[in-house]
Amino acid sequence: MADDASGSGTSITLLLSSTLVLALVALIGWYILSKQSAAISQKSLAIASGTSTISQPKNTVVITGPMGSGKTSLWCHLRFPATSASSAAPRTQTSMAINAAHMDEGRAYLVDVPGHQKFRFDRDTQLKAARAVVFVVDS
């Protein structure tokens, strides 16, 4: 009977310590991700406001719109134009990051911002630096 009680106490102690370790790992992970997110947001804001050393060109064109409207497809068709009728621009998928490239021999900077709500801060900072905006409604 005494062995049963000590075995039960050991399993409870093991369960509690495992839960504590798991909670600590989750807390550390959350802290690291929040710091990285803040750093990325600050970098994006610095680029858009022109205070960054890697500032965008003055002729920035931002492609924006709702999710699934064809923004990345348009960006790819402009960035990688078809050279013949048989060749086409690369296939696209849902964007998880901003696409950007210099166009027309560096005279324009074309930025494609994902339409998902989690990119609204990046969209807003890019729009502050934009000279023109292309709002894609549906492809």
>> Of everything in region 60-77, what is of a type outside the set (Gly, Ala, Ser) and either in contact (Cβ under 8 Å) with a residue 24 or more places away in the chain or surrounded by 20 or more Cβ atoms within 10 Å (Cβ to Cβ) (or both)? Give them in sequence order.
In response: 60, 61, 62, 63, 64, 66, 67, 71, 72, 74, 75
>> Out of everything in region 26-59 that is hydroxyl-bearing (Ser, Thr, Tyr) and modelled with pLDDT of 65 or more, what residue ends up being most open to solvent (accessible area, probe 1.4 Å)?
In response: 31
> In region 105-129, which residues are in contact with a Pro (Cβ under 8 Å, 6 or more places away or on another chain) and part of a strand (DSSP E or B)?
Replying inline: 108, 109
>> Tally up the residues in region 116-139 that are within 18 Å of residue 73 (Cα to Cα) and touching a strand residue (DSSP E or B) at 6+ places or on another chain (Cβ under 7 Å), please.
In response: 5
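The values are calculated or read from the model by the stated rules, or taken from the named source; none is laboratory data. Nothing here was measured: the structure is a model prediction, and the numbers come from that model. Don't worry about glycine lacking a Cβ; one is built from the backbone with ideal geometry, like all the others, and counts go over all protein chains shown. Side chains are part of the model used for accessible areas, which takes the heavy atoms of the whole protein and leaves out ligands, DNA and RNA. Shrake-Rupley method; radii C 1.70, N 1.55, O 1.52, S 1.80 Å.
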